[in-house]
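Structure incoming, see below.
The values are calculated or read from the model by the stated rules, or taken from the named source; none is laboratory data. All figures in this text were calculated on a predicted structure; none of them were measured in a lab. Quick reminder, even Gly has a Cβ in these numbers, built from the backbone with ideal geometry, and neighbours come from all protein chains shown.
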Amino acid sequence: MFGDTAMRREVLSRMRDTGIGVYDVEIIRLARDTAAADYERLFEAAAALGAERIKVVGIDSDEGLITDKFAQVCRLAAPYGLTIDIEFVSFLGVRSLEAALRVVRSAAQPNGKLLVDALHLSRSGGAPEEVAALNGGDMGYIQLCDALAVAPTDDQEKMAEARSLRLAPGDGVLPLTALLRAVPAHFPISLEVPMAGGLLPAERARRAIEGLKMVMAGANE
């Protein structure tokens, strides 16, 4: 996808034919050895696809370091018209809403925002009330999925759940209705639902979208 390749041309052609666009691109892992300049070709490719945002995660637990790396990435991505969203991940260095919010506010970049994933919000001990308190400020968008009531007990189990054991919205116990009610109207929503079970992509998409529609209907009641 980097440069004028056959793959990029095919993707752009399919986007034109289907009317499906690209909203976000991932992922940049912020760590001690991260160099923002290494990702400039990612920014160029994202802009060529019409993407609006790029997701990052903080691997290192040093908030000062992550804040500095986040600010560097934001500054380099700005000329491409891209927003950079840091996602807190319950088994990585930046693992709570509070920590990610401190990074965003300390970096103080106009294109630096916070991404809230429903699974990581729950598994880090957070709640929709904390999201509601932000009233959309400092946040770029939210990601929805669902999960079982029994939470993983260690980082390896949390990683396995996040990467392959999520449920479609409405199939678990996460407070998705409350989370939707916690964000302003017309707020961007993404689905991130990696599932086990060998379902075909079309079936995974169908289940995720039907679940989202059901949860959204409940939030509007």
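Check region 188-207 and report whether any residue there is touching a Gly at 6+ places or on another chain (Cβ under 6 Å), under 19 Å from SER122 (Cβ atoms) and surrounded by 13 or more Cβ atoms within 10 Å (Cβ to Cβ). Working first, answer last.
Pass one, region 188-207, residues touching a Gly at 6+ places or on another chain (Cβ under 6 Å): none.
Checked region 188-207: no residue is touching a Gly at 6+ places or on another chain (Cβ under 6 Å), under 19 Å from SER122 (Cβ atoms) and surrounded by 13 or more Cβ atoms within 10 Å (Cβ to Cβ).
Right, next: Show the residue pairs meeting these rules: Cβ distance below 7 Å; 6+ apart or different chains; first residue within region 27-52 and among the hydroxyl-bearing types (Ser, Thr, Tyr); second residue at pLDDT 95 or above.
THR34/LYS69; TYR39/ILE28; TYR39/VAL73
Here is a further query. Report yes if some residue within region 77-84 is exposed (fewer than 15 other Cβ atoms within 10 Å of the Cβ) and modelled with pLDDT of 95 or more; otherwise report no.
Filtering region 77-84 for residues exposed (fewer than 15 other Cβ atoms within 10 Å of the Cβ) gives 79, 81.
Okay, now just the ones that are also modelled with pLDDT of 95 or more, so 79, 81.
Within region 77-84 (the criterion being exposed (fewer than 15 other Cβ atoms within 10 Å of the Cβ) and modelled with pLDDT of 95 or more), the answer is yes, since at least one residue qualifies.
Continuing with the same structure: Here are ALA51, ALA47: which of them is out of contact with any Asp or Glu (no Cβ under 7 Å at 6 or more places or on another chain), of a type in the set (Gly, Ala, Ser), over 19 Å from ARG105 (Cα atoms) and at pLDDT 95 or above?
On the way: ALA51 fails: out of contact with any Asp or Glu (no Cβ under 7 Å at 6 or more places or on another chain).
It is ALA47.
Just need a number here: residues in region 173-202 that are charged (D, E, K, R) and either touching a Ser or Thr at 6+ places or on another chain (Cβ under 9 Å) or closer than 27 Å to ILE54 by Cβ (or both).
So the count comes out to 1.
Return the pairs, sorted by first residue and then second, in which the second residue is in a strand (DSSP E or B) and surrounded by 18 or more Cβ atoms within 10 Å (Cβ to Cβ), the first residue lies in region 58-83 and is of a type in the set (S, T, N, Q), the beta carbons are less than 7 Å apart, and the residues are 6+ apart or on different chains.
Listed pairs, sorted by first residue: THR83/ARG53; THR83/LYS113; THR83/GLY140.
Exactly one condition in (1) farther than 19 Å from ALA162 by Cα; (2) part of a strand (DSSP E or B); (3) hydroxyl-bearing (Ser, Thr, Tyr) is false for TYR141; which is it?
Among (1) farther than 19 Å from ALA162 by Cα; (2) part of a strand (DSSP E or B); (3) hydroxyl-bearing (Ser, Thr, Tyr), TYR141 violates only (1).
Turning to a different aspect of this structure: The conditions are (1) surrounded by fewer than 18 Cβ atoms within 10 Å (Cβ to Cβ); (2) under 15 Å from the mean Cα position of the chain (by Cα); (3) in contact (Cβ under 8 Å) with a residue 40 or more places away in the chain; (4) over 19 Å from GLU210 (Cβ atoms), and ALA162 fails exactly one of them. Which is it?
(1)
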